[in-house]
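Participant: Shown below is the structure under consideration.
The values are calculated or read from the model by the stated rules, or taken from the named source; none is laboratory data. As the structure is a computational prediction, the values presented were derived from the model and not from experiment. Methodologically, a virtual Cβ is constructed for each residue, glycine included, from the backbone with ideal geometry; neighbour enumeration extends over all protein chains shown. These accessible areas exclude ligands, DNA and RNA; they are computed on the full protein's heavy atoms, side chains included. Shrake-Rupley method; radii C 1.70, N 1.55, O 1.52, S 1.80 Å.
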Amino acid sequence: MLRIHFTADDLARTRLAPGADAAAELTISLQLLGGALPTDRLAPWRRGLRGQLGPHGRVLLELLAPGAGLPEFLHLPGGGTIGSSPTDTADVDQSLIDRHLDRLAVRRAPTPFTRALARRSTDALQLLGTAVSDYRTQAVDPYWHRIRAQVDADRALRGRALTDGGVERLLTTLHPRIRWRAPVLEVDLGPSWTSDVRLTGQGLLLQPVLLSAGGPVFGITSGPGGLPELLYPARPEEPLLPDTAPDLDALGVLLGRTRAAVLEALADTGGCSTGELARATGTAAATASQHAAVLRAAGLVLTRRSGSSVLHTLTPLGRSLLPEHPAGTAAEALRRAPKPR
């Protein structure tokens, strides 16, 4: 059990991450390759990945073993992961590599690749960078817009908990393996984890992760003055499939002032229930629900259940249609379009 001790300042400064983190998704997703999936909605992602994982990607599996934890050294100072550029292997923290390899050696026999990493081999580091870069192009990039949309939907739900009950309500509702017993947050990280962390006033960063093996993960954000960070699973509301172009027929149905108002209401509020959407747009609840369904079919809105109601949020594509997006004036065009019958 990990016990995170809060002060009053830590409670005041605890916050949700601003959105999906590609480096966190990449690192956490490695646990899903060989283990059981926490939800069948991630099964399409793993099936597609296993069919195209090349020899470079398979090198990453040599860094994994039950109970060994994740290879934290994949994160680089200032954000991002190794493999982002040809020269970034020089920024890898060798002490983090050594620490992970020590944990790994207890649980599986060393391989030629892990022995070379332990010797600080330049060739091994370059292979690691290539493996991570290849893995990202296969495991994260093709799904990125959908990952962002589902993480944003999770953040909207957590934001409601924060608004309704403050930080303590937020901490109480994060995950079944996370328990708030003021002033301590208890996080079940598995039987091999028993430790105490005392925060010192900087708060805790809460990062939802979609490609999660089902449990929370604790770490420190990369870079100088890194913040304590708790990664928790964002529950997928739909199967994770590669990003595709929106349905053009659905986008044609989309054109109209009422649906433009729906997009703007979701952008202004960060997320609405069907009843709130109806009030914001001056329509009946059934009408608001129908418009949300059309927007969802067009890939512009994500809907997920929250108790007895649902919460509608914008996807990145839906947000891109609004005036603040550099692409321009789609919302203005929608306002001028004939009202749908």
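Participant: Does V253 qualify as being aliphatic (A, V, I, L, M) and modelled with pLDDT under 90?
Facilitator: yes
Participant: For D154, are the conditions met, namely being open to solvent by less than 70 Å² (accessible area, probe 1.4 Å) and of a type in the set (D, E)?
Facilitator: So D154 fits the description; yes.
Participant: Return only the number of the condition from (1) open to solvent by 70 Å² or more (accessible area, probe 1.4 Å); (2) at pLDDT below 90; (3) more than 25 Å from E238 (Cβ to Cβ) that R305 does not satisfy.
Facilitator: With (1) open to solvent by 70 Å² or more (accessible area, probe 1.4 Å); (2) at pLDDT below 90; (3) more than 25 Å from E238 (Cβ to Cβ) applied to R305, the lone miss is (3).
Participant: For the stretch 148-201, give me the residue count where each residue is in contact with a helix residue (DSSP H, G or I) (Cβ under 6 Å, 6 or more places away or on another chain) and farther than 27 Å from G307 by Cα.
Facilitator: Of the residues in that region, 2 qualify.
Participant: Which residues, counting only those in the stretch 258-272, are part of a helix (DSSP H, G or I) and buried (at least 22 other Cβ atoms within 10 Å of the Cβ)?
Facilitator: If the condition is that a residue be part of a helix (DSSP H, G or I) and buried (at least 22 other Cβ atoms within 10 Å of the Cβ), then R259, A260, V262, L263, L266 are the ones that fit.
Participant: Would you check which residues across the stretch 1-51 are among the charged types (D, E, K, R) and outside any strand (DSSP E or B) and list them?
Facilitator: The answer is D9, D10, R13, D21, E25, D40, R41, R46, R47, R50.
Participant: If we keep just the residues of the stretch 52-64 that are touching a residue at least 60 places away in the same chain (Cβ under 8 Å) and in a loop (DSSP other than H, G, I, E, B), which is most open to solvent (accessible area, probe 1.4 Å)?
Facilitator: Per the criteria, the residue is Q52.
Participant: While we're looking at this one, here's another question. From the list P112, P55, which one is at pLDDT 85 or above and not hydrophobic (A, V, I, L, M, F, W, C)?
Facilitator: P112
Participant: I need the strands (runs of 3 or more DSSP E) fully contained in the stretch 133-244, keeping only those with at least 1 residues that are in contact with a Ser or Thr (Cβ under 7 Å, 6 or more places away or on another chain) and over 22 Å from L70 (Cα atoms).
Facilitator: Correct list: 178-181.
Participant: Next question, about the same structure. Of the numbered conditions (1) under 29 Å from the mean Cα position of the chain (by Cα); (2) surrounded by fewer than 18 Cβ atoms within 10 Å (Cβ to Cβ); (3) modelled with pLDDT under 90, T122 satisfies every one except a single condition; which is it?
Facilitator: (1)
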